[in-house]
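The values are calculated or read from the model by the stated rules, or taken from the named source; none is laboratory data. Predicted model only: the values in this text are computed from it and were never measured. FYI the Cβ positions are ideal-geometry reconstructions off the backbone, even for glycines, and counts take in every protein chain you see. Heavy atoms of the whole protein, side chains included, go into the accessibility calculation; ligands, DNA and RNA do not. Shrake-Rupley method; radii C 1.70, N 1.55, O 1.52, S 1.80 Å.
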Amino acid sequence: MVVVAQLVRAPDCGSGGRRFETDLPPMTTLYDVLVQFQMSVPKNTKLPGYGKLFFVLRMFYVYVIYSESRDVYYKGQTNNVVDRLERHNGGYEKFTGTGVPWELKCCIAKSTRGEAKILVGKLKRMNRAKLEAFIIKYGSSSQDVSGAKS
């Protein structure tokens, strides 16, 4: 979770003096955050790092989806895999709108968006045989594969 704070001048704060303000809604406890996350993920969805605190707070996911009707793989990154898969299957995305239904084949957690983009770039440069070998090797794993050879 990223918290953004800004300093404001004393006259803007009223009689309270200088203080930090955030534009994020207040969360009373970490438990509330975990409960909210758990309710937003369907029961049968398996995400890397699910249930581990450092993955729950802010992770980026590299995913590979497959369309049987088009016989093609699509590679991408997001911070909400469930929502992104719904968008692909709902026809909201231009490239994936014609290949419905899309099936999640591989999902890998990364700690930063930059790491996720680097891995997506490597996956996009792989030929089909290497990509399928990658999916077999790392598809059901939650380990970091940033050093995977392309």
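Do the conditions hold for residue 116, that is, is it out of contact with any Cys (no Cβ under 7 Å at 6 or more places or on another chain) and either open to solvent by 60 Å² or more (accessible area, probe 1.4 Å) or without any contact (Cβ under 8 Å) to a residue 12 or more places away in the chain (or both)?
Taking the combined requirement at face value, the residue does not satisfy it.
Taking the options 33, 62, 120, 100, name whichever one is at pLDDT 90 or above, of a type outside the set (Gly, Ala, Ser) and assigned to a helix (DSSP H, G or I).
From the options 33, 62, 120, 100, the qualifying one is 120.
When you check residue 50 against the structure, is it closer than 21 Å to residue 135 by Cα and at pLDDT 60 or above, yes or no?
For residue 50, the condition - closer than 21 Å to residue 135 by Cα and at pLDDT 60 or above - is not met.
Do we find that residue 85 is touching a Leu at 6+ places or on another chain (Cβ under 9 Å) and modelled with pLDDT of 95 or more in this structure?
no
Does residue 109 fit the bill of being touching a Ser or Thr at 6+ places or on another chain (Cβ under 9 Å), hydrophobic (A, V, I, L, M, F, W, C) and modelled with pLDDT under 95?
yes
Kindly provide the set of residues from segment 123-150 that are modelled with pLDDT under 90 and out of contact with any Phe, Trp or Tyr (no Cβ under 9 Å at 6 or more places or on another chain), ordered by number.
Of everything in segment 123-150, those that are modelled with pLDDT under 90 and out of contact with any Phe, Trp or Tyr (no Cβ under 9 Å at 6 or more places or on another chain) turn out to be 138, 139, 140, 141, 143, 144, 146, 147, 149.
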